[in-house]
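Have a look at the structure below before the remarks.
Read-outs throughout are calculated quantities, based only on the coordinates presented, and are distinct from any laboratory measurement. Computed from a prediction, not measured in an experiment: that's the story for all the values here. FYI the Cβ positions are ideal-geometry reconstructions off the backbone, even for glycines, and counts take in every protein chain you see.
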């Protein structure tokens, strides 16, 4: 009787412990067993059966430690590779995704239960920048219900989600992001933060990347961080190539995220401490690992060590945190540093200049100006045949009289003049300031050697003295196209037929620049104010101050962003690299501006191209034609106008690969784009079909890799690079 009672009591105790097995790890259950032993001294032999019963239960504990990686450690996807036992997710290739997952699924919930198993993980990572390359984007530790990288995009999406599935509760994904770029679309707090992501890249909680020194308090009495706390926070730059260790613990619906430089003791105060119920997020089993991506910005994301456990929260202590390779870019030697070079240069210059200045100043002063006038520089010898004497120009412009000013450009004024014999000319006077020398040489090196009926005629140049230059053109009696569109009365406004003829002139000029000369010429500033009208109202393309010349088949090497806001292609703003396609983009905007009588960007109105695209999608493209033409009762060919507006939208398409060449654009303007003509190439037939296909235009909104047209805020953000931008158009009457 006594034995039967004790046995029933024993099994009741064991049953209670086994029931709690779902909510506790094996170690905690074993601790409970030891406590039971202390209070049940009478049942030593019987209780010895409990560990046998306990460990006969199904084992779901997952524990692993990787102080180096190989093909048996993790499964790789995308650009991820192993490099000397280091897991490298991305390299210097743009717009790639690298992902690595533990090969087996991790039990995260008991079947048919809402209880989420606790887990603890720690890893050491580094974001290694490349020299002279802007670094980005970020890294994500993630739980995901599937393998592979489907449903993920590169760049700002971090290889985690994409534009379509972001915020979907069906994702069942948890991520801890380490991001180095501030994306407004995800409400990122800054460009160096740690965030907690649940089914979305918009973090539910985020903090500056860094750690709290152990002398900091958790918070002040009113819930706000004290001044001492703020001083004890040590911010860490994620993408400087240093190794950082991260600890992530989850238990009882509370997740803690802590980070610190590798080799440092774990800070007692976590960076993130968030109450989070994952029962609706996690499936019963999940894959766990890392994902990262590059975009236009690139860097290498590396994982050096990793531990994970859902039963032992101290397993991270087995990670090797010292003696790891460093990915910090080496500094230049001292003798190549800016300080050393500046000091040596200044010292040498002072020694030489101080001895020579007085002698040079008194001996050479009287002869300096005369020598500068008579002395020819290297570039002057090359372009000597186009030189005109300053006396001729001064006489032609009546000594540069203010009454002869017909326009004001970015680098000087434009004067009307008359040469002996009655030939009218326009003289652009350029100062050495504001890149005047660059514009001057660009004009005489390109326009000075080009001959085409639709280019402004270049007559020559003159150097009055060092730093003051003049360019001489044929005089254009009817001023600029911009003036005839926006600054004239009704009687002088261009008709629809005249506008189309002028666009054809500009197109033929661009075709000549791109394909018709011995080298390819990129104009880089196509706009209405740079199109001038002669006495017969023919369009002439001018102002080659930003032009660049390179060989056919060569890729321009410049990364200097130049142009006029509203006419610049999206890829120019983001990369600074001009091409024939960027000229085509500017021409497309010009088409729409001329036909609609509206500037590309006007305050309080949507951008011209996006407005036209919306009108086209609504089947109201002809409604976009300049209302003043309709009010005046001008007759026009609706089919031709619609074709030209379609061409403008196609030329201004965000993806440069989709835009037609200028040869194809000229054929469309001339009406030689019917598929049954023998001489038309297959590409031209394809373009015609695309222009007439309404379904094809719906892809416009999906071209997110290239982006829509740059906004003012985006332009200002990129002004940290070397830019030469024009925010307003310059009207030069009669130039």
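Would you calculate the separation in nanometres between label points at residue 362 and residue 204, each defined as 7 Å from the Cα along the Cα-to-beta-carbon direction?
Result for the modelled spin labels: 8.4 nm.
Note the direction-averaged projected area, equal to a quarter of the hull surface, for the Cα convex hull of segment 563-665, in nm².
7.1 nm²
Would you mind getting me the FRET efficiency between residue 285 and residue 236? Use the beta-carbon distance for r and R0 = 41 Å, nearest 0.05.
0.75
Using the Cα gyration tensor of segment 478-616, with a ≥ b ≥ c the square roots of its eigenvalues, what is the shape: rounded (a/c below 1.5), prolate (a/b larger than b/c) or oblate (neither)?
Oblate, because a/c is 1.5 or more while a/b does not exceed b/c.
Given R₀ = 51 Å, what would the calculated FRET efficiency be for residue 622 paired with residue 115, taking r from the Cβ atoms and rounding to 0.05?
0.20
Tell me the Kirkwood radius of segment 53-183: reciprocal of the mean inverse pair distance over distinct alpha-carbon atoms, in Å.
With all distinct Cα pairs of segment 53-183 included, I get 16.9 Å.
Under the 0.36 nm per residue contour assumption, what length would be gained going from the current alpha-carbon distance of residue 131 and residue 638 to full extension?
Contour length minus Cα-Cα distance gives 177.0 nm.
First check a/c for segment 237-284, with a ≥ b ≥ c the square roots of the eigenvalues of its C-alpha gyration tensor; if it is under 1.5, answer rounded, and if not, answer prolate when a/b is larger than b/c or oblate otherwise.
It is prolate, given that a/c is not under 1.5 and a/b is the larger ratio.
By how many nm would the segment from residue 491 to residue 85 lengthen if fully extended, with 0.36 nm per residue of separation less the alpha-carbon distance?
138.4 nm
For residue 550 and residue 329, what is the calculated FRET efficiency with R₀ set at 41 Å and r taken between the beta-carbons, to the nearest 0.05?
Here the calculated transfer efficiency is 0.80.
I need 506, 666 ordered by Cβ neighbour count within 10 Å, fewest first.
Least crowded to most crowded, the residues run 666, 506.
Just rank 102, 567, 250, fewest to most, by other beta-carbon atoms within 10 angstrom.
Going from sparsest to densest Cβ surroundings: 102, 250, 567.
Beta carbons within 10 angstrom, averaged per residue: use that to sort the peptides 496-503, 267-274, highest first.
Taking the mean over residues of other Cβ atoms within 10 Å, the ranking is 496-503, 267-274.
Mark the label point 7 Å from the Cα of residue 277 along Cα→Cβ and return the residues of segment 116-137 whose backbone N is within less than 16 Å of it.
The answer is 116-117, whose backbone nitrogens lie closer than 16 Å to the label point.
Want the number for residue 663 to residue 163: 0.36 nm per residue separation, take away the alpha-carbon distance, what's left?
Length gained, residue 663 through residue 163: 176.4 nm.
Sort 157, 193, 172, 301 by Cβ crowding within 10 Å, fewest neighbours at the top.
Ordered from fewest to most neighbouring Cβ atoms within 10 Å, 157, 193, 172, 301 come out as 172, 193, 157, 301.
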